Each structure stands twice: as C-alpha cells, then as structure tokens.
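See below for the structure under consideration.
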Amino acid sequence: MAAQLRALITGITGQDGSYLAELLLQKGYEVTGMVRRSSTVNFERIRHIQDRVELISGDLLDEVSMIGILREARPAEVYNLAAQSFVQTSWSQPVFTGEVTGLGVTRMLDAIRIVDPEIRFYQASSSEMFGKVQAVPQNESTSFYPRSPYGVAKVYGHWITVNYRESYGLHASSGILFNHESPRRGLEFVTRKITNSVARIKMGLDSELRLGNLEARRDWGFAGDYVTAMWLMLQQSEPGDYVVSTGETHSVREFCEAAFGRVGLDYAKYVVQDPRFMRPAEVDLLVGDAGKAKSVLGWEPTVTFTELAAMMVDADMSLLKGS
C-alpha cells in the first residue's frame, strides 16, 4: 500500500510546490521534491515541512537525471510544477524558457515512459496559453493563442502531454490553471508586488508603486485551492485536461483598490503607471470556465477575490513587522 502513496514534485520550492507538498503530506504520502543544484535555491516556502520531505537534485534540462530520480524515488505520481515561470523574463530569455518550460516536459514524460509507464503524471499548464483570447470565458476546448515565449512554451508542454497520453497510454493530465496567488507568491508577480508595496507604504517605507497595464484583467484564485484540483486529477480513472479557475475576472486596478483598501489607503494616491512594465504583447482578458473541474472532480474554489487580496496584505504586513 505504501508504494501507492509516493509522489515526486518538481518545483517543490515554489508557491504551488509548497502548498501541494503540504496537501500530500496531510494525505499520508511520502513526498520527494526535485530541486536544481544551483546557488540560489530558496527553501523558505518549505522550511516548515523540510524535515518531512526528501529533496533530490535534478534538472529538467537533463533527461538522464530525470531517469535516475524516478528509479530512486519510485513515485506513483509525478507533479511537474518546475518551469521558467515568469512571463516578463521569457521575453529576455526565450530559448531558456523553451528548454525548461517546453522541452523539460518531454524529458520528464520520456523518463516516465522508460522507467515506469504506470506513473501518473500532472503537467502544470497555464491560462497564458489562451493569450489573445479566442472566446470568453475560456474552457478546455478554447483555441490557444499565446502572447509570450512563456505562453508558447506552455502550449508545447501541454500538447506533448496530450501526445504521450495518446501515443503511449500514459495517465498524463494537464491542469490549465488560471492565475493563482498567495502570501507565498514571488515578488516578481504583480499581485505580490502590489501587496508588498501596500505594506511598505502603510509602514512609511515607500511612497509610490510603479506598475504597467492597470486594465489587464485576470481570473485570480488562491493557490492553496488550486493544488487540490491537481491532486484530484491524478485520482481519476481516466486522465484528462481541466481548466481550474474562479470564473470571475478583475483588473490589476481592482486588485490595487482591494489591497490598498485593506489598510485604509486610496490606491490612486500611490500607484504610478510606468511604461517600463508594459509587456511587448499584452494579454488583456483571462477568465476561465471551470465547469468540467466542478462536475468531474467535484472541485470548487473556496477563497474570494477580496479575501485573497486581504490575506496577502495581512501576510506582508506581518512579515514587515517581524523584520
């Protein structure tokens, strides 16, 4: 029985990896996390559970290391969350983004095919694949039209997952996750950049917040909710692709309003639009239809937009007070 409860998470030190590791530990799994052997690995997000997970070094750029990890860890489930995941960075590092975020998926799938085709595989697909949206809201059958090297790489990762599922009979599923945030979000992401600035401005450490397009609209949910959907996908008898979203869309401006409002400030007095933060090609409107996830997986989000902004601001206020 124990063999069924072993999971491998690539990208375990990231936002989603840390929440997923917590969830799997609660469910009695043995959890192995893959980390790159680099000088900048940050264990902050998993420090509270680090003694309960096994960390193993490997790299999505190196298929031999994938094969070695699978043979050593013998997981029943693999969650591929590792990627070059910053849209902005993908413009300045398009080839690297393609290697990790796109081809990295193929290397892992191929390693599974070679070592143990019974392993169940989860691929972290992204709403950025929809890009210049072809339909509103977006669901599993909406055409992709990515607008960044990151989005393009995610489309490749998504379709190679479908291809290996159909070609080799792998239990390989993709979660097309819309934006999901939390207090563990990196400071590179706009939501966390906003909530961190709100805390700094409230405490007199900063006087303004510079942002790009305030009208870009996103479907924002809580990362802790979204990792449950990942797990549910791998518990199904048949693999498949699922949109995971709240079904609501809000602008960056609305997020600013909610976040500044949490500490009693008017965002309009502090937010400055800066052309340096505009993307070469913008994704204007993302909003997902998670009807399939609800009907097949029984999944629904539990945290509202306002609660999410409040949770992140409160966490950043505590963090600053603590330091």
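Given a Förster radius of 41 Å and the C-beta distance between SER295 and GLU54 as r, what FRET efficiency does 1/(1 + (r/R0)^6) yield to the nearest 0.05? All intermediate terms of the calculation are to be shown ahead of the outcome.
On the way: r = 36 Å, r/R0 = 0.88.
So, using R0 = 41 Å, E works out to roughly 0.70.
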Heavy-atom SASA rank of HIS250, HIS158, HIS48 (probe 1.4 Å, accessible area, largest first): HIS48, HIS250, HIS158
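Express the Stokes-Einstein translational diffusion coefficient of segment 40-185 in µm² s⁻¹, to the nearest whole number, given a Kirkwood radius over alpha-carbon pairs, 37 °C and a viscosity of 0.692 mPa s.
D = 203 µm²/s.
P(r) tail for segment 210-323, what percent of Cα pairs lie past 21 Å? Kindly include the intermediate steps, with their values, before the conclusion.
Values: 3249 of 6441 pairs.
Looking at segment 210-323, the distances longer than 21 Å represent 50 percent of pairs.
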Whichever aspartates and glutamates have a C-alpha closer than 19 Å to that of LYS269, once near sequence neighbours (fewer than 8 apart) are set aside: ASP206, GLU208, GLU215, GLU254, GLU257
Most mobile listed residue (THR249, THR306, THR191) in the chain, GNM with C-alpha springs under 10 Å: THR306
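For segment 161-233, divide the Cα radius of gyration by the Kirkwood radius and give the resulting Rg/Rh value with two decimals. The partial results should precede the final answer.
Working: Rg = 17.9 Å, Rh = 15.2 Å.
Computed over Cα atoms, the ratio is 1.18.
Just the C-alpha atoms of segment 258-323: what Rg/Rh do they give, with Rh taken as the Kirkwood radius? Let's see the in-between values first.
Numbers: Rg = 17.0 Å, Rh = 15.6 Å.
Looking at segment 258-323, the ratio lands at 1.10.
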GNM flexibility winner over the chain from GLY102, GLY11, GLY264 (Cα, springs under 10 Å): GLY264
Listed residue (TRP159, VAL64, PHE255) projecting farthest to the positive dipole end of the chain, Cβ model: PHE255
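What net charge do the residues around PRO183 carry, taking every other residue with its C-beta under 12 Å from that of PRO183, with Lys and Arg at +1 and Asp and Glu at -1? Each step should come with its number before you reach the end.
Values: positive: ARG45, ARG184, ARG185, ARG192; negative: GLU44, GLU181, ASP314, ASP316.
Taking every other residue near PRO183 into account, the sum is 0.
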Share of carbon and sulfur in the accessible heavy-atom surface of the chain [1.4 Å probe, %]: 49 percent
Accessible-area ranking of ILE114, ILE67, largest first, probe 1.4 Å: ILE114, ILE67
Residues whose placed amide H lies under 5 Å from that of LEU55, excluding near-sequence neighbours: GLY33
Segment 171-202 and segment 259-323: distance between their alpha carbon centers, rounded to Å: 7 Å
Alpha-carbon centroid distance for the pair segment 117-152 / segment 45-71, whole angstrom: 26 Å
Ranked order, LEU177, LEU320 - accessible area, probe 1.4 Å, largest first: LEU320, LEU177
Segment 7-155, relative contact order [Cα under 8 Å, separation at least 6], %: 23 percent
Gaussian network model of the chain, Cα within-10 Å springs - most flexible of LEU265, LEU81, LEU20: LEU265
Kirkwood hydrodynamic radius of the chain, from inverse mean 1/r over distinct Cα pairs, in Å: 20.1 Å
Proximal lysines relative to LYS292, as straight alpha-carbon distance under 22 Å, when same-chain residues fewer than 8 apart are discounted: LYS154
Total charge dipole magnitude, the chain, about the Cα centre, Cβ charges on Lys, Arg, Asp, Glu only, Debye to nearest 20: 500 debye
Accessible surface of ASP110 - all protein chains present, 1.4 Å probe, nearest 10 Å²: 30 Å²
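The values are calculated or read from the model by the stated rules, or taken from the named source; none is laboratory data. Nothing here was measured: the structure is a model prediction, and the numbers come from that model. Reconstructed Cβ throughout: ideal geometry from the backbone, glycine too, with neighbour counts over all protein chains shown. The accessibility values were calculated without ligands, DNA or RNA, using every heavy atom of the protein model including side chains. Shrake-Rupley method; radii C 1.70, N 1.55, O 1.52, S 1.80 Å.
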